[in-house]
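Some notes on the structure that comes next.
Every number in this text was worked out from the coordinates using simple rules, so none of it is lab data. Because the structure is a prediction, the values reported are computed rather than measured. Please note: Cβ atoms are built from the backbone with ideal geometry, for glycine as well, and neighbour counts cover all protein chains shown.
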Ligand code: GLN
């Protein structure tokens, strides 16, 4: 099977939505029956984003094979069926690390190791590998992080130039740019885009398609100017106007302008009449919702738009599936009042609460209070990863009377370590002190909330954590109504916890948010939102 390649670069400024655009292109081509794989190349020197603060980088997206990757892979998952694995994301750090390790092994003995060809060869190798990770891949969409002109992305630019030189008719370059509208002059300005293309040309890259982000629709004469100065045909100047209602409009708008058929024609792919009804339906619901469901998110990084990206997305998928508009109220856990009455006043009023994943002590007690508030008032609660550990600690302290129960991540000397490292639990040594990353099987307990949601007894979900529920405390906690409704197949680790007699209080040790799509919401998010809607109706 011949593999074809699209390279998506960005110009003028960052945050133009390159990831979303690349994902939309992938989705549209899949509708034509093309098998697509996606690859994100990140110019930073961290080996992966796992070590970066969520304030810096936003969420870390985890794949089945346990890679900690860029959040754009979340867009790829939500929009396409591309295989996602370690082969879907490479950083400069990883590339340099590989080359330098080879150098130390003596693989280049006698040679000077250089950016060109050694680094660029390694980049090209990763691009090839992405296209061969599964049989039948026809198109690889490669998104280059950063903005054209950045010093650090130069090796990637050089590599894609060489790649096209070596694979001529099988490569297409798309440049995403920004066309500002200057209010004072009442004019669109194409100069920044011209300059960005100039930089590309100096490197030897000639875009075939210009995608132009703008606040308003671009007049024909502006498009003609971009076409002339950037050396692309007029049909290949495609606008990406700020969407009115939702990011789900992006693929629809690109399709309306014929982007998918233009790409298909370039590669000689067969096209067909494609239908985007399921995406149009989402926009209809956003325009005319049946009602509103409000979810309180009690976390640590709530100020940062991208820190819980997949969680916000998954909540929205489930709300839209029910025909509802989602409103999210963000609570910064460590800023919530200590006093219980004041705490309730501050937090009350949402239809359900979600405590997301997190690391470290800051805000932990606020999250425990939120769980207590939900448990005692029978308000739907969804705990994810740390949010499940919070559920267990709260239950242990206040329902099972396990004094000062805690996680050893928060208090290493706690009397009752209901959450601890496996090495501290003296059971399995293998996982101790290392992160449990990637997909693990889980068996569900019949009749539980989890089983009802998944409609299946065996599931697989992705993990990213170190600490685990301590089974030593289970008999005592079970007596008080704590239910372990999901267990790791081998090893008996607790993966899902619930509270007996509560309408919907559930915590998961894994990250279900990574596997929710707008067109296929995750079953746990669906049932949580249903419970929140029911709670809304009851008062
Ligand atoms: N800090 C917790 C742990 O390591 C939870 C991690 C998370 O929420 N992703 O177990």
Review point. For residue 332 and residue 520, what does the FRET efficiency come to when R0 = 22 Å and r is the distance between their Cβ atoms, rounded to the nearest 0.05?
Key: 0.10
Point to revise | Contact order normalised by residue count of region 1-147, Cα under 8 Å, 6+ apart, percent | key: 43 percent
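Could you work out the relative contact order of region 468-539, using alpha carbon pairs under 8 angstrom and six or more residues apart, expressed as a whole percent?
RCO, region 468-539: 19 percent.
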Exercise for review: Obtain the nm distance between the two label points defined at residue 446 and residue 472 by a simple spin-label model: each point lies 7 Å from its Cα along the Cα-to-C-beta direction.
Suggested key: 3.3 nm
Point to revise | Segment residue 261-residue 398, length gained on full extension (0.36 nm per residue, minus Cα span) | key: 43.3 nm
Check your understanding: With each pseudo-label sitting 7 Å past Cα toward Cβ, what's the residue 278-residue 199 distance in nm, one decimal?
Key -> 3.8 nm
Check your understanding: Nearest 0.05, what FRET efficiency do residue 125 and residue 186 give at R0 = 56 Å with Cβ-Cβ as r?
Key -> 0.65
Study note, to complete from the structure: Ordering 96-107, 310-321 by per-residue average of other C-beta atoms within 10 angstrom, highest first, gives 310-321, 96-107
Study note, to complete from the structure: Output row, site residue 2, 7 Å Cα→C-beta label point, backbone N cut-off 19 Å, window region 257-271, residues 261-271
Revision key, fill the gap. In deg cm²/dmol, rounded to the nearest 500, the helical mean residue ellipticity at 222 nm of the chain, built from -39500 (n - 2.57) for every DSSP H run of length 4 or more, is -11000 deg cm²/dmol
Practice item. Work out, step by step, the length gained on full extension between residue 46 and residue 241: first 0.36 nm times the residue separation, then minus their alpha carbon distance; give nm to one decimal. Key: 66.9 nm
Revision key, fill the gap. Sorted largest first, the Cα spans of the chain on the principal axes come out in Å as 73, 63, 44
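Relative contact order of region 83-182: what whole-number percent is it, with Cα pairs under 8 angstrom and at least 6 residues apart? Provide the component values of the computation, followed by the final result.
Details: 43 pairs, mean separation 25.0, N = 100.
With pairs under 8 Å counted, the relative contact order is 25 percent.
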Review point. In what order do 442, 374 fall by count of nearby beta-carbon atoms within 10 Å, going from fewest to most?
Key: 442, 374
Exercise for review: Using a 10 Å cut-off on Cβ atoms, rank the peptides 512-523, 108-119 from the highest mean neighbour count down.
Suggested key: 512-523, 108-119
Exercise for review: Kindly put 351, 81 in sequence by how many other C-beta atoms sit within 10 Å of each C-beta, fewest to most.
Suggested key: 81, 351
Point to revise | Separation of alpha-carbon centers, region 11-77 and region 251-276, rounded to whole Å | key: 22 Å
**Study point:** Simple label model, 7 Å out from Cα along Cβ direction - residue 97 to residue 220, nm
**Key:** 5.4 nm
Point to revise | Gain upon complete extension [residue 362, residue 81; 0.36 nm per residue less C-alpha separation] | key: 97.4 nm
